[in-house]
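The values are calculated or read from the model by the stated rules, or taken from the named source; none is laboratory data. Being a predicted model, the structure only gives us computed values, none of them experimental. Because the Cβ atoms are built from the backbone with ideal geometry, glycine has one as well, and the counts that use them run over all protein chains shown. Accessible surface is based on the protein model in full, side chains and every heavy atom, while ligands, DNA and RNA are left aside. Shrake-Rupley method; radii C 1.70, N 1.55, O 1.52, S 1.80 Å.
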Amino acid sequence: MERPTPLSGFPEWLPQQRIVEQRFIEKLQRTFELHGFASVQTRAVEPMAHLLAKGETSKEVYVLRRLQAEEGDNTDSGLGLHFDLTVPFARYVLENSGKLQFPFRRYQIQPCWRGERPQEGRYREFWQADIDIIDKDSLPGHYEVELPLVIADALRGLPIPPIRMHVNNRKVSQGFFRGLGVADPMEAIRVVDKIDKIGPNGVGKLLTEQLGLSDAQVKACLAMAEISAPDESFVESVRALGVTDELLDEGLAELAVVVSTAAEEAPGLVTADLRIARGLDYYTGTVYETTLDGFERLGSVCSGGRYDTLASDGKSTYPGVGLSIGVSRILGALFGGGQLSATRDTPTCVLVALPDEERRRDCDRLARALRTRDIAAEVAPAAQKYGKQIRFAQRRQIPYVLFPEGESGGPELRDIRSGEQVPVDVESWTPPAADLRPQVQGAGE
């Protein structure tokens, strides 16, 4: 077999990085469950008609098909891999609404697939961690404040840079453009959402060429997009632009509650940023984009918003609000900068030294005794000189070596970092918590 060529956009982490990813996900799971979110897993594929109706471009959806399907077999026809977890979740709610208790709090951590150009922080296969709260018929606005606080709690304690969550409300943008006399407010939202990619001049040009806006209208749109504040002062800044609309008023009131409440509960977490729009069509209220301090070039690492009609079967509607953490995006950037690692690249805590092959069963029993108490252990691969077995443990950063028989006549344990070796009772010894499992650490730790 020829040496394989890596596929761009499909990351495969090394063992130490995979340990970091697992610990990262475990922390998210634990926090989400502490806040009452139940775990959900959905299938990898959805009907193409369902995927494309939610605002994603067909150029980025991977289609599912069999290489050699039998003639007339169309069972896989029209299926695509999901590009996010919100669209599958909305479908899941509709299918299971009679079995769920509302409001339903869900978390979901799975891979997604999107056929975009691979670059730093953007992959074709990537992991996302989502939380959503969904209700039947109506959804109280206080959930739009709660979710950012849950995300902050979930990321707190991980050795990653601080986060800043930028929030807006689609009603603000839509109402502003409507009050300004823009014929297609939703298209204006999609254009303004590109401001970080193409800049104000690029956005202004598109607003003129595609929507036919006047210079005065373009100036007002760009002025609105520049408004940002960590408190409710953004409301007066919008009012000063002289645009009036009932939907705009409603959005400003809702956004003010989100910003002011978050400022009380988590100072510095949330900033009102009226350039934030989110390109997907299904958002109807508060929208969120989150940046990592020092990694703003990545764009948003945690996004989402409120959606009122995404889950609807014509009879009942299930409005919801959700946020999605780009797990792969965060980890890939920090791995690439050498800013995140694990204390060791193996879960093994204890290496049981092997005096000779005849003693392997005895050594296996010692390892099993440790495992029964949740201490990861393995037996040395070969009965080499003890010095070589110790170096084997050092190379793999295994913190302890257990010798079946030491000078004391019984088992002895060596800490390979300090070199200290002492008699040990295998049935009762427990390592320090920091040694029991590999720990995630930031640069310089």
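General remarks:
- Dipole of the stretch 170-307 [Lys/Arg +1, Asp/Glu -1 at C-beta], most positive-end residue of Ser237, Val191, Gly179: Val191
- Note on exposure: Arg368, Arg117, Arg105, Arg91 ranked by accessible area (1.4 Å probe, complete protein assembly) read Arg117, Arg368, Arg105, Arg91, with the most exposed listed first.
- Members of Lys59/Lys315; Lys99/Lys315; Lys59/Lys219 lying beyond 21 Å, as alpha-carbon distances in this model show: Lys59/Lys315; Lys59/Lys219
- Working note: Karplus 6.51/-1.76/1.60 with θ = phi - 60° gives the stretch 427-439 the couplings 6, 10, 5, 9, x, x, 4, 5, 9, 4, 9, x, 10 Hz, where Gly and Pro are set to x.
- Against the main long axis of the alpha-carbon atoms of the chain, helix 170-179 sits at an angle near 20°.
- Modelled label reach - Arg373, point 7 Å along Cα→Cβ, the stretch 315-356 residues with backbone N closer than 11 Å: none
- Heavy atoms of Asp364 accessible to a 1.4 Å probe, total area in Å² rounded to 10: 50 Å²
- Helix 215-225 vs. the chain, principal-axis angle (Cα, 0 to 90°, nearest 10): 30 degrees
- Between Arg66 and Glu2, residue separation times 0.36 nm minus the direct Cα-Cα distance comes to 20.5 nm.
- For the stretch 288-404: rounded, prolate or oblate by the Cα gyration tensor [a/c cutoff 1.5]: oblate
- In Hz, Karplus ³J(HN,Hα) per residue of the stretch 236-242 (6.51, -1.76, 1.60; θ = phi - 60°; x = Gly, Pro): 5, 5, 5, 4, 5, 7, x
- 3J(HN,Hα) from dihedral phi, the stretch 372-385, Karplus parametrisation 6.51/-1.76/1.60, rounded to Hz, x for glycine, proline: 4, 10, 6, 10, 5, 9, 9, 8, 3, x, 8, 7, 8, 4
- Normalised by the number of residues in the chain, the average gap of Cα pairs under 8 Å and 6 or more apart makes the relative contact order 17 percent.
- Remark: the stretch 300-445 carries 47 Å² of accessible area per residue (probe radius 1.4 Å; ligands, DNA and RNA excluded).
- Dipole moment magnitude, nearest 20 debye, the stretch 300-392 about Cα centre, only Lys, Arg, Asp, Glu C-beta charged: 240 debye
- By accessible area with a 1.4 Å probe, ligands and nucleic acids excluded, highest first: order of Arg365, Arg414: Arg365, Arg414
- Modelled spin labels at Gln384 and Ser138, positioned 7 Å past Cα toward Cβ, are 7.1 nm from each other.
- Per residue, the accessible area of the stretch 1-61 comes to 65 Å², computed with a 1.4 Å probe over protein heavy atoms only.
- FRET E, pair Glu232, Arg417, Förster distance 60 Å, beta-carbon r, rounded to 0.05: 0.65
- Accessible area per residue for the stretch 101-255, computed on protein heavy atoms with a 1.4 Å probe, is 44 Å².
- Value of Rg to Rh for the chain (Rh from inverse mean 1/r over Cα pairs, i.e. Kirkwood): 1.08
- Accessible-area composition of the chain, carbon plus sulfur, in percent [1.4 Å probe]: 48 percent
- Burial ranking of peptide ranges 221-234, 155-168 (average Cβ count within 10 Å, highest at the top): 155-168, 221-234
- Residues whose amide H lies under 5 Å from that of Leu64, counting only those 5 or more places away or on a different chain, are Leu79, Gly80, Leu81; hydrogens are built 1.01 Å from N in the peptide plane.
- Rounded to the nearest 10 degrees, the inclination of helix 360-371 to the longest alpha-carbon principal axis of the chain is 40 degrees.
- Altogether, the Stokes-Einstein calculation at 37 °C and 0.692 mPa s, with the Kirkwood radius of the stretch 134-263 over Cα pairs as Rh, returns a diffusion coefficient of 203 µm²/s.
- About the Cα centre, charge dipole magnitude for the chain (Lys/Arg +1, Asp/Glu -1 at Cβ), debye: 1120 debye
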